[in-house]
Amino acid sequence: MDQITIQTTPFDIAAIQEEMRAGDPAIGALVTFVGQMRDFNDGDPVSAMTLEHYPGMTEKALQKILDQANRRWELLGIRVVHRVGELKPLDPIVLVAVASAHRGEAFRACEFVIDYLKTRAPFWKKERTPDGERWVDARVSDDEAEARWRDS
């Protein structure tokens, strides 16, 4: 079962993991990635960040990523939770959880989903620094991470 949630409120990592694995004895692996806000970027202190998205389009883009992951690996479920709105350092931003019968598939699919999410999902970040607010550009390293999946 796949599920995508975009929300402004914090999420409970343990509760999401328990919900995914409970009642399905076929699950042999549950891999979870949680991205959280740092207090720096590009060498500058960051006190807050605002994440924006395009409702409807964001969920469709994420579903395409999950569909690709399901075609590549034998998975038993994927859950993506992404925050929007204002965030502070240490706040969790995104959770990707992947369930499968075997750990290898779960690890690879989880990494694939977050790599594609970083480059293909329409989210926009604005950081608050001592010098004012600034929009965050896409990272070359995110593009490189996504590109390696195209060759495999």
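Describe numerically, in nm with one decimal, the distance between label points set 7 Å from Cα along Cα→Cβ at residue 128 and at residue 5.
If labels sit at residue 128 and residue 5, their model points lie 2.6 nm apart.
Along Cα→Cβ, 7 Å out, is where each label goes; now give me the distance between the ones at residue 38 and residue 13 in nm to one decimal.
1.7 nm
Would you mind getting the accessible area per residue of segment 2-144, heavy atoms of the protein chains only, 1.4 Å probe, in Å²?
54 Å²
Please report the accessible area of residue 52 (heavy atoms, 1.4 Å probe, ligands and nucleic acids excluded) in Å², nearest 10.
Accessible area of residue 52: about 80 Å².
How much length is gained if the chain between residue 150 and residue 138 is pulled fully straight, taking 0.36 nm per residue apart and subtracting their Cα-Cα distance, in nm to one decimal?
Stretched out fully, the residue 150 to residue 138 stretch lengthens by 2.5 nm.
I'd like to compare 79-89, 106-116, 28-38: which one has the highest average count of other Cβ atoms within 10 Å, and what's the full order after that?
Going by the mean number of other Cβ atoms within 10 Å, highest first, we get 106-116, 79-89, 28-38.
Which aspartates and glutamates, on any chain, are close to residue 125 with Cα under 16 Å apart, when same-chain ones fewer than 8 places away are left out?
39, 42, 44, 52, 86, 91, 133, 137, 142
In the chain, what percent of the accessible surface is made up of carbon and sulfur (1.4 Å probe, ligands and nucleic acids excluded)?
Using a 1.4 Å probe with all protein chains present, the chain comes out at 51 percent carbon and sulfur.
The values are calculated or read from the model by the stated rules, or taken from the named source; none is laboratory data. Note that the structure is a prediction, hence the values are computed from the model and not measured. Counting neighbours? That spans all protein chains shown, and the Cβs are built from the backbone with ideal geometry, glycine included. Only protein heavy atoms, including side chains, enter the accessible area calculation; ligands, DNA and RNA are left aside. Shrake-Rupley method; radii C 1.70, N 1.55, O 1.52, S 1.80 Å.
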